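The values are calculated or read from the model by the stated rules, or taken from the named source; none is laboratory data. In this text the structure is predicted, and so the values were computed from the model without any measurement. Positions of Cβ are backbone-derived with ideal geometry, glycine not excepted, and every protein chain shown enters the neighbour counts. To get the accessible areas, we keep the full protein, side chains included, count just its heavy atoms, and leave off ligands, DNA and RNA. Shrake-Rupley method; radii C 1.70, N 1.55, O 1.52, S 1.80 Å.
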Amino acid sequence: MRRILRVTGGGILIVLLAVFLTACGSSIEDANNEAGVGNGENNNEIQPSVAYPNRINIKVPNRLESYLEQSAVLDWDQDEDVDIIVAMGNGKLIFLENLGDLTFRISKSFESGHRISYLGDSIIYADVNGDSYDDLILPGSVLLSNPEGNFTSANFLAEGKDMGDALAIGDCNRDGYTDVAILYYYEERVDIYLNNEWGNLELKSSITPQRFPTNPAFGDANGDGLLDLFVGTYGSSVRIFRGNGDGTFTMFANFSPGGQPIHIAVGDFYGQIFADLITHGQLFEGDGSGSFTPLEIDVPEDGSFSPARILDINRDGFIDVVTDSSFRMGSEQGFSGIGSLADHSINDRGLSLGDLNGDGLLDIVMVNPSDFEEQVASIWIAQPN
């Protein structure tokens, strides 16, 4: 019987928390002073304690510009109501202001000048320059925020037309600052940029994973406390590069999970320090050597456009897994049966989560570009089940 990690202090991306704490030499237990484990097996008799019964569409007029590809959920205007940002493939960002009653209005837009793709995360928020405000990281620049909710484009990561396709963030050199990995699909490389403490990101190293690389992710594959880099692919394997603790990486392992691991998610499910891996609806347990064992635990199948998210939907301290079509919730008795999203569409993409109505449960946001002239951002509000 496998025992799934329990973490107190939910509502954040557990995988990112584990990454940063591991990189700083701490554990999740240290951070919360409370930890336990739950039965990590499937228990289909358990109903998810949260449901997403209604889809609410927010129309985003397009004017024949580009397709919506990504979303981000954060309080960008600093008014304590969590807002939404949606991103088009041509790099245009549209800011949706939460008016406080789950209605949203288009407040402004921003031309980032960088393409946004569905190969992985192309828009991530983090406090890059240490001013306590969340900044936006794109495949070619950082948008620095201020208390008024405005963003200034700065710190270009890629010059000219050499724009990236997907991102991952983590502390690669253990200095406590957010570093960035940018994946270039057509150039078949990943560049590592280190943060110089003031939000200026400087190129440190480059790696060549394999042909047709996709979704990058950070995790500690060998338990040495340093971040390693996982890279998905349109091929048949996940490439893993061992972090050297200075922003450089060395080839470590090549793992073939079966099928095409286009989207991957990395996290420590069992509290054994080593990163585990999710792809194609299968959970693989890491052993620290770069090998992974498939477990008889079904997790939701990741969709065509978004990697799975590993987090705590209802802040009960147990890891949940969410994809762009369904979810499973962890508990003391094991993973629940699969919950679904109402009126889900195969074209939904850009999965992000946040508490939009302040009830303590994580709500879901995605975009759908099916109608080119009038695309939508969609929200699913979590309700106790």
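Just wondering, is there one or more residues in region 241-253 that are assigned to a loop (DSSP other than H, G, I, E, B), closer than 24 Å to Y118 by Cβ, open to solvent by 10 Å² or more (accessible area, probe 1.4 Å) and among the small types (G, A, S)?
No, every residue in region 241-253 fails to be assigned to a loop (DSSP other than H, G, I, E, B), closer than 24 Å to Y118 by Cβ, open to solvent by 10 Å² or more (accessible area, probe 1.4 Å) and among the small types (G, A, S).
Please work out which residue is nearest to A308 (Cα to Cα), limiting yourself to region 226-236 and to residues that are open to solvent by 10 Å² or more (accessible area, probe 1.4 Å) and at pLDDT below 95.
Only one residue fits best here, namely Y234.
Can you name the residue in region 93-145 that is open to solvent by less than 20 Å² (accessible area, probe 1.4 Å), of a type outside the set (A, V, I, L, M, F, W, C) and assigned to a strand (DSSP E or B) and, of all such residues, is modelled with the lowest pLDDT?
The residue in question is S145.
Looking at region 153-178, which of its residues are over 17 Å from L143 (Cα atoms), part of a loop (DSSP other than H, G, I, E, B) and modelled with pLDDT of 90 or more?
Within region 153-178, D171, C172, N173, R174, D175, G176 qualify.
So, in region 64-84, of the ones that are more than 17 Å from the chain's Cα centre (by Cα) and among the aliphatic types (A, V, I, L, M), which residue ends up least open to solvent (accessible area, probe 1.4 Å)?
Among those that are more than 17 Å from the chain's Cα centre (by Cα) and among the aliphatic types (A, V, I, L, M), it is L68.
Any idea which residue in region 333-347 is modelled with the lowest pLDDT, counting only those that are aliphatic (A, V, I, L, M) and in contact with a strand residue (DSSP E or B) (Cβ under 9 Å, 6 or more places away or on another chain)?
I338
Which one of these is among the acidic types (D, E) and at positive phi: E111, E69, E80?
E80
I need a count of the residues in region 338-355 that are open to solvent by 10 Å² or more (accessible area, probe 1.4 Å) and part of a loop (DSSP other than H, G, I, E, B).
8
Among T293, T279, which is under 23 Å from G223 (Cα atoms) and in contact (Cβ under 8 Å) with a residue 12 or more places away in the chain?
T279
Name the single residue, out of those in region 356-375 being in contact with a Leu (Cβ under 8 Å, 6 or more places away or on another chain) and farther than 19 Å from D320 by Cα, that is surrounded by the fewest Cβ atoms within 10 Å (Cβ to Cβ).
Among those residues, the one meeting the criterion is E373.
Is at least one residue of region 299-316 farther than 23 Å from L227 by Cβ and assigned to a strand (DSSP E or B)?
No, there is no match, as no residue in region 299-316 is farther than 23 Å from L227 by Cβ and assigned to a strand (DSSP E or B).
Residue check: is S378 closer than 20 Å to I124 by Cα, in a strand (DSSP E or B) and not hydrophobic (A, V, I, L, M, F, W, C)?
In short, yes.
Of all residues in region 57-86, which are assigned to a loop (DSSP other than H, G, I, E, B) and not aromatic (F, W, Y)?
Hits for region 57-86 are N62, R63, L64, E65, S66, D75, D77, Q78, D79, E80, D81, V82.
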